[in-house]
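Note sheet for the following structure.
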There are 2 protein chains.
Amino acid sequence: MNEIIWATPLYLFLKYCNESPLDKVILDCGAGGESPPLALFYQYGYKTNGIDISDKALEESHIFCTKNKFDLNIIKGDMREIPFEDESMSFVYSLDSIIFLSKAETRMAIKEIERVLRTDGLCFINFKSIDDEDYNKGEPMGNNEFKLEHEWTQGKMICSFYEDNEPNAYFNNFKILRKEKRVVDCFCTENGHRIGYIDYISRKK
Amino acid sequence: MNEIIWATPLYLFLKYCNESPLDKVILDCGAGGESPPLALFYQYGYKTNGIDISDKALEESHIFCTKNKFDLNIIKGDMREIPFEDESMSFVYSLDSIIFLSKAETRMAIKEIERVLRTDGLCFINFKSIDDEDYNKGEPMGNNEFKLEHEWTQGKMICSFYEDNEPNAYFNNFKILRKEKRVVDCFCTENGHRIGYIDYISRKK
């Protein structure tokens, strides 16, 4: 059996995708990194596509693909302008990724996800909750958006935080199927740390 | 590839178990039903054991095991008095199950889980949050415990609800590794419904 991937919320999305009658074609927005979650979908027979804006993350994912002989098709791309045709995807997800866009950019990115999705196509998108420990840290940039230093990034990045129902407004052209707010206390370090997410699974109307 | 199980929070627990150096021996408390989540662990090479107090749930799980030729070892048993030896298990979980005990019984059950676990053994136990839509319905029985009618049970059952940190007190002889509060809005029906859980992954000291 294959390793359990780190991005465990995607098992639920995979279950939704498996139950959909649409072709198994999927796009990950923010797909790069050392252990790309697209591998899970690849192993379940999906034709996978991924975009990432970071050269470092792209390089890491290419090393993974070469090592594991997985053809995940992860290319350079910006989710504010997705380099795929209209209605070319049955499924799209963005895990822990759209959170690094401003709210105006997030609106653009979700419009793009809508554009590349087929009717009845499914998407999984998660957002940072204001219950996350990083909320209200860093340099305030407006509407609960902050410029923050992250351990794993070079330089500061924007991060957007949301109230519980706030992201609903992005999904006017979708039917929201499931919304899950997760507040996780991890005690891997002495003091622990708290992360807060709001995950949406939606179907394009 | 195998089907994705309905009990998706267990993928994360499986990841913790896979990373543990202990033998792959696991117990599910409340293991019965039409689609026993132990199947996931079985497919990953675990020696599985399950107990369930309900004859109906046991029968359903036996039909599943026969049909799929899975030897899951699900037997009749009560988690308030687990029919296994001290320190016989590396891993124990109770998913959506201990919630149907009173708080006094829950304390007994977690003492039993502690007894059958080896040192450094891991457990996953989840509780109902007071943010669940069923909170404060039914017949009040004391300390946020209620007798409720459930669609899928015959007659009323007790259900215990917890404030965010309240279950911490059950884990004095454990190191809590991860605590996740999940509030899920499901829109499978017109009005939707809200379920609230608090999931603990802990290691026996």
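The values are calculated or read from the model by the stated rules, or taken from the named source; none is laboratory data. This structure is a prediction, so every number in the text was calculated from the model and none was measured. For neighbour counting, all protein chains shown are included, and Cβ atoms are generated from backbone atoms with ideal geometry for every residue, glycine included. Note: accessible area is taken over every heavy atom of the protein model, side chains too, but ligands, DNA and RNA are not part of it. Shrake-Rupley method; radii C 1.70, N 1.55, O 1.52, S 1.80 Å.
Structure above, values below:
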| quantity | calculated |
| --- | --- |
| Positions within region A:37-69 being among the hydrophobic types (A, V, I, L, M, F, W, C), open to solvent by less than 70 Å² (accessible area, probe 1.4 Å) and more than 14 Å from chain B (Cβ to nearest Cβ), in sequence order | A:38, A:51, A:57, A:58, A:64, A:65 |
| Candidate set from region A:1-25 (those that are of a type in the set (Phe, Trp, Tyr) and surrounded by 15 or more Cβ atoms within 10 Å (Cβ to Cβ)); member that is nearest to the other protein chains (Cβ to nearest Cβ) | A:11 |
| Region B:99-129, residues that are open to solvent by 50 Å² or more (accessible area, probe 1.4 Å) and not charged (D, E, K, R) | B:104, B:108, B:119 |
| Residue A:159 vs. criteria facing another protein chain (nearest Cβ under 7 Å) and either open to solvent by 20 Å² or more (accessible area, probe 1.4 Å) or not aromatic (Phe, Trp, Tyr) (or both) | no |
| Top-ranked residue of region A:91-120 - restricted to ones that are out of contact with any Ser or Thr (no Cβ under 9 Å at 6 or more places or on another chain), in contact (Cβ under 8 Å) with a residue 60 or more places away in the chain and among the charged types (D, E, K, R), ranked as farthest from residue A:139 (Cα to Cα) | A:114 |
| Residue in region B:70-77 that is within 19 Å of residue B:109 (Cβ to Cβ), buried (at least 24 other Cβ atoms within 10 Å of the Cβ) and more than 14 Å from chain A (Cβ to nearest Cβ) present | yes |
| Unmet requirement for residue A:33, which otherwise passes all of (1) under 16 Å from residue A:125 (Cβ atoms); (2) open to solvent by less than 40 Å² (accessible area, probe 1.4 Å) | (1) |
| Extreme residue, nearest to residue A:12 (Cα to Cα), among residues of region A:163-205 that are of a type in the set (Gly, Ala, Ser) and facing another protein chain (nearest Cβ under 10 Å) | A:202 |
| Unmet criterion (only one of (1) touching a Ser or Thr at 6+ places or on another chain (Cβ under 9 Å); (2) farther than 22 Å from residue B:9 by Cβ; (3) open to solvent by less than 60 Å² (accessible area, probe 1.4 Å); (4) of a type outside the set (D, E, K, R)) for residue B:88 | (1) |
| Pair list, Cβ < 7 Å and 6+ apart or interchain, from region A:48-61 residues that are more than 14 Å from residue A:34 (Cβ to Cβ) to residues that are part of a helix (DSSP H, G or I) and open to solvent by 50 Å² or more (accessible area, probe 1.4 Å) | A:48/A:42 |
